[in-house]
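Computed from the coordinates by the stated procedures, all read-outs in this text should not be read as laboratory data. What you see is a predicted model, and the numbers here were worked out from it, not measured in a lab. Every residue, glycine among them, receives a Cβ derived from its backbone with ideal geometry; neighbour counts consider all protein chains shown.
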Amino acid sequence: MTHPLIDALVPAMRAAAAVIERVREGGIVQRDKADASPVTEADEAAEVLLTAAIRAVDASPIVGEEAHAAGHRVDACARFWLIDPLDGTKDFIAGRAGYSVNVALIEGGVPVLGLVLSPRDGVLWAGALGRGAFRQNGPDAPRLPIGTHPMRPLPVVVVSHSHLDPRTADWVTALGACALEPAGSSLKFCRVAEGSADVYPRYGPTCEWDTAAGHAVLLAAGGTMRAAGGGDFVYAKPEYKNGGFLALGDRNSIGRLPPL
C-alpha cells in the first residue's frame, strides 16, 4: 500500500521520533501548559519538524497541538492537517513506551489519511481511505497490510493507561466478560486496526489531534468510529474538542456492545 503523501511524510515521522528519543535519553524536563497538561521539549521540536514537512508537500492549513496551545488559532475548514507530535506525554514522562507521533489529513470532517509512529520501537502504522492500511516494523522493514477482524467471542478491549475515567469503566462493566488491556496514546486505535484488539471505548476528554491519525488508520483498515449516541464521529468541531467515542474493528458487531 502506498500513497504519495504518506511516502513524503514517513521520513519526517521517523525524524520526529528520533528527536523524541534523544530528549528521553538526555533527561525529560516537564512544563505545564495553560490547561495544566504537560509539555516537553520533545513535543515542541517534533511539531516543528512535522509542520515543515507537511508545508513542503501540501498547502492546506495545519492545526498542531503545541501551536494551538501557544495561541496560534486556525479556523476550522474543509481540508486541514492535525498534528499531535507526542501523543501520550504522560506515558513518555512516566517512562512507559506507550507514546506516539501522529499526523492526519481531514477532508469534509473525515480523517482520510493518517500516520502513527511508536518512537520507542520504531513501528509505523499508516493508511488512507480507499487505499488500505499497513504496519511497518522499522525503517527498513516491509510494509505489511493490516485489517480489522470479526469481534472475538471474548472481546479484547483496549483502554487508556492514564485516562480510564469512571464512565468508561462503567461501559466495560456493562459489556461483561472481556479481556481488558491498558495501552497508551493512539496505539489503541492501531491495535484495533490490525486486529489484535476489538474495541476502544472512550468517554474522557480528548482533542481532535489526539484521535485523528489513529482514526484514519482504523477507517483505512476497515473499522469504524462512532460518537457518543451513535452518530458519525467528525472533525473541525469548536476548539477541536472531542466528545466520547467508540472505535470498533468489526462494523457488524455494534449490536453486541453497550451504547456509549
Task: Sole exception among (1) charged (D, E, K, R); (2) in contact with a strand residue (DSSP E or B) (Cβ under 7 Å, 6 or more places away or on another chain); (3) surrounded by 15 or more Cβ atoms within 10 Å (Cβ to Cβ); (4) without any contact (Cβ under 8 Å) to a residue 40 or more places away in the chain for residue 87, by number - done: (4)
- [ ] Check the range 229-236 and report whether any residue there is closer than 17 Å to residue 87 by Cβ, surrounded by fewer than 24 Cβ atoms within 10 Å (Cβ to Cβ) and of a type in the set (Asp, Glu).
- [x] no
- [ ] Please state which one of 181, 239 is loosely packed, with under 15 Cβ neighbours inside 10 Å and within 23 Å of residue 66 (Cα to Cα).
- [x] 239
TODO: Determine whether the range 225-246 contains at least one residue that is outside any strand (DSSP E or B), under 21 Å from residue 150 (Cβ atoms) and more than 15 Å from the chain's Cα centre (by Cα).
DONE: yes
Open item on the list: So residue 144 passes all but one of these: (1) outside any loop (DSSP other than H, G, I, E, B); (2) closer than 18 Å to residue 12 by Cα; (3) over 16 Å from the mean Cα position of the chain (by Cα). Which condition number does it fail?
Closed with: (2)
Task: Condition met for residue 203 (hydroxyl-bearing (Ser, Thr, Tyr), in contact with a strand residue (DSSP E or B) (Cβ under 6 Å, 6 or more places away or on another chain) and either within 28 Å of residue 62 (Cα to Cα) or surrounded by fewer than 18 Cβ atoms within 10 Å (Cβ to Cβ) (or both)) - done: no
Open item on the list: Can you find, within the range 90-109, the residue that is surrounded by the most Cβ atoms within 10 Å (Cβ to Cβ) among those that are over 19 Å from residue 159 (Cα atoms) and free of Cβ contacts under 8 Å to residues at least 60 places away in the same chain?
Closed with: 107
- [ ] Output the qualifying pairs, or none if there are none: Cβ atoms under 9 angstrom, residues six or more apart or on different chains, first residue in the range 166-185 and under 16 Å from residue 253 (Cβ atoms), second residue in a helix (DSSP H, G or I).
- [x] 175/256; 178/172
Open item on the list: Here's a check for you: in the range 247-260, which residue that is assigned to a loop (DSSP other than H, G, I, E, B) and more than 19 Å from the chain's Cα centre (by Cα) is nearest to residue 61 (Cα to Cα)?
Closed with: 260
Task: Residue under evaluation residue 172, criteria (1) closer than 27 Å to residue 64 by Cβ; (2) of a type outside the set (Ser, Thr, Tyr); (3) surrounded by fewer than 19 Cβ atoms within 10 Å (Cβ to Cβ), criterion not met - done: (1)
Open item on the list: Scan the range 73-92 and tell me whether some residue there is under 16 Å from the mean Cα position of the chain (by Cα) and assigned to a loop (DSSP other than H, G, I, E, B).
Closed with: yes
